[in-house]
Structures are given as structure tokens and as C-alpha cells.
């Protein structure tokens, strides 16, 4: 595996790796919600975007904790892969 990893071209400079592993912040959640297409069908969680945006003031702290917990425990990725 180490040999294979050494052959793979890194997509971003090494100094960005630490930045990619930082916890998500409130600004990133707001930016992500603003870039999603409106009035789409609910996703796999059954909740549509409008529910999140309409209640963001109420749920933002819990949502932030949930997402960072899931990233920290490798249940999801941060989505910050700058090379794709």
C-alpha cells in the first residue's frame, strides 16, 4: 500500500491536508446551503433544503456538531477535496 501511495500524484499540496481536516464552521454550512439547488426532491435523509434553511437559526449548532462528529468518526468526508 505504501508503494502505491507513493506512486499516486497528490491532488493538492501537503500543507493543505491539515486545512482539509479542520472542523466545519458555521460559514461553510451557510455557503453549502446557499449553493444547493432549490425545490429539489428530499434527499436520502427525507428532508428538503427549505427545511434546513428556514430553521437554520434554530438548528445550526446541532447541525454543526453532528456534521463534525460524523467527519471525525469517518462516517462522512468533509467534502473539501479541492482537486475534483
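The values are calculated or read from the model by the stated rules, or taken from the named source; none is laboratory data. The model shown is predicted, which means the values in this text are computed figures rather than measured ones. Every residue, glycine as well, gets a Cβ built from its backbone with ideal geometry; the counts of neighbours run over all protein chains shown.
Residue 58 versus (1) surrounded by 11 or more Cβ atoms within 10 Å (Cβ to Cβ); (2) at pLDDT 85 or above; (3) more than 20 Å from residue 75 (Cα to Cα): which is the lone unmet condition? Against the list (1) surrounded by 11 or more Cβ atoms within 10 Å (Cβ to Cβ); (2) at pLDDT 85 or above; (3) more than 20 Å from residue 75 (Cα to Cα), residue 58 comes up short only on (1).
Surrounded by fewer than 12 Cβ atoms within 10 Å (Cβ to Cβ) and assigned to a loop (DSSP other than H, G, I, E, B), is that true of residue 39?
On the way: surrounded by fewer than 12 Cβ atoms within 10 Å (Cβ to Cβ): yes; assigned to a loop (DSSP other than H, G, I, E, B): yes.
For residue 39, the condition - surrounded by fewer than 12 Cβ atoms within 10 Å (Cβ to Cβ) and assigned to a loop (DSSP other than H, G, I, E, B) - is met.
For (1) part of a helix (DSSP H, G or I); (2) touching a strand residue (DSSP E or B) at 6+ places or on another chain (Cβ under 9 Å); (3) on the phi > 0 side of the Ramachandran plot; (4) at pLDDT 80 or above, each residue gets a yes or a no:
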position	(1), (2), (3), (4)
4	yes, no, no, no
19	yes, no, no, no
27	yes, no, no, yes
34	yes, no, no, yes
64	yes, no, no, yes
67	yes, no, no, yes
71	yes, no, no, yes
74	no, no, yes, no
77	no, no, no, no
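Close Cβ contacts (under 9 Å, 6 or more residues apart or on different chains) running from residues in the stretch 26-52 that are without any contact (Cβ under 8 Å) to a residue 12 or more places away in the chain to residues that are exposed (fewer than 12 other Cβ atoms within 10 Å of the Cβ) comprise 48/39; 48/40; 48/41; 48/42; 51/42.
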